[in-house]
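The values are calculated or read from the model by the stated rules, or taken from the named source; none is laboratory data. All figures in this text were calculated on a predicted structure; none of them were measured in a lab. FYI the Cβ positions are ideal-geometry reconstructions off the backbone, even for glycines, and counts take in every protein chain you see. For the accessible areas, the whole protein counts, side chains as well, though only heavy atoms, and no ligand, DNA or RNA atoms are used. Shrake-Rupley method; radii C 1.70, N 1.55, O 1.52, S 1.80 Å.
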Amino acid sequence: MEMEVKVLLGRLILYVDDNIHEVKMYNPNEKEDLVKGFGYIINDYVYVYKGKKKGTKKDLTMGIYKDELGKYIIVDGDLLEKRKYHIDNVVELDLNAMISYLNNNKDQFSSPEDVEVINNSTDVFAPKIDPDDDFLKQLVKQALQIKQVNLKNYKDKFSEGYALNNIKSALVKPTKTSVPAFMQWAELLGFGWEIKIFDNGTDNISPLESSIVYRSDEGISIEK
């Protein structure tokens, strides 16, 4: 009977639900504190350290927490969670392997933006607008293209170091941009916004007599 052993070397990354976690081996004998947002390998699974425990244990999702006494507690997840956090989903950031893979699979990548979140050395983050992007994502990308900002200068606005990578990753992935994510970009980049609803002339039964405007700094208003 053969036993398959997965050997992990170098910098390790786990991508789950639009979140990027750096992964390390878990050593309960180490005196150093765990890093919030980092994943720690225990047996065949990765447990993300989520900070101080809040609520009862039954309310906690899979991960590692610190209890009231300062001790780390490990919480298992259901079958679906454990599949997401299995070590088979951990990838190694080997620069030579990445370059080789990209060179051999150039036709699979439509633009350099697809790998921007991996290459943190990129100074200006200005992802291109895709025709399939939802309107919130298009607005954020257009703002980034106009501003030409170096997001490394904005790291101090995040309490966790991995949060910046997470919102960058979500922006270049083919997923919908949520309202909270849009608001986070608005706060980060310092822009206001307004939405205006007006009658477009297609409803002859009960046309909209007034326009409705919602401004980020003023709230809702009616325009005659």
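Ala163 to Val91: FRET efficiency via 1/(1 + (r/R0)^6), r the Cβ-Cβ distance, R0 25 Å, to the nearest 0.05?
The calculated FRET efficiency here is 0.80.
How large is the translational diffusion coefficient of segment 16-96 in µm² per second when you combine the Kirkwood radius over alpha carbon pairs with Stokes-Einstein at 10 °C and 1.306 mPa s?
Rounded to a whole number, D works out at 119 µm²/s.
Calculate the FRET efficiency for Lys147 and Lys196 from the Cβ-Cβ distance with a Förster distance of 30 Å, rounded to the nearest 0.05.
Plugging the Cβ-Cβ distance into 1/(1 + (r/R0)^6) gives 0.80.
With respect to the cross-link table entries Lys52/Lys137; Lys36/Lys147; Lys128/Lys157; Lys57/Lys84; Lys24/Lys173; Lys128/Lys224, which display a Cα-Cα separation exceeding 28 Å?
From the list (Lys52/Lys137; Lys36/Lys147; Lys128/Lys157; Lys57/Lys84; Lys24/Lys173; Lys128/Lys224), the Cα-Cα distance tops 28 Å for Lys52/Lys137; Lys36/Lys147; Lys128/Lys224.
Let me check I've understood the local charge: for Ile13, count other residues with C-beta under 10 angstrom from its C-beta, Lys and Arg +1, Asp and Glu -1. What total comes out?
Combined, the nearby Lys, Arg, Asp and Glu give -1.
So, by mean Cβ neighbours within 10 angstrom, what's the order for 200-209, 46-55, 74-83, 143-152 with the highest one leading?
In descending order of packing, they fall as 46-55, 143-152, 74-83, 200-209.
So how do Met183, Met62 rank on accessible area, 1.4 Å probe, biggest first, that is with the largest at the start?
Met183, Met62
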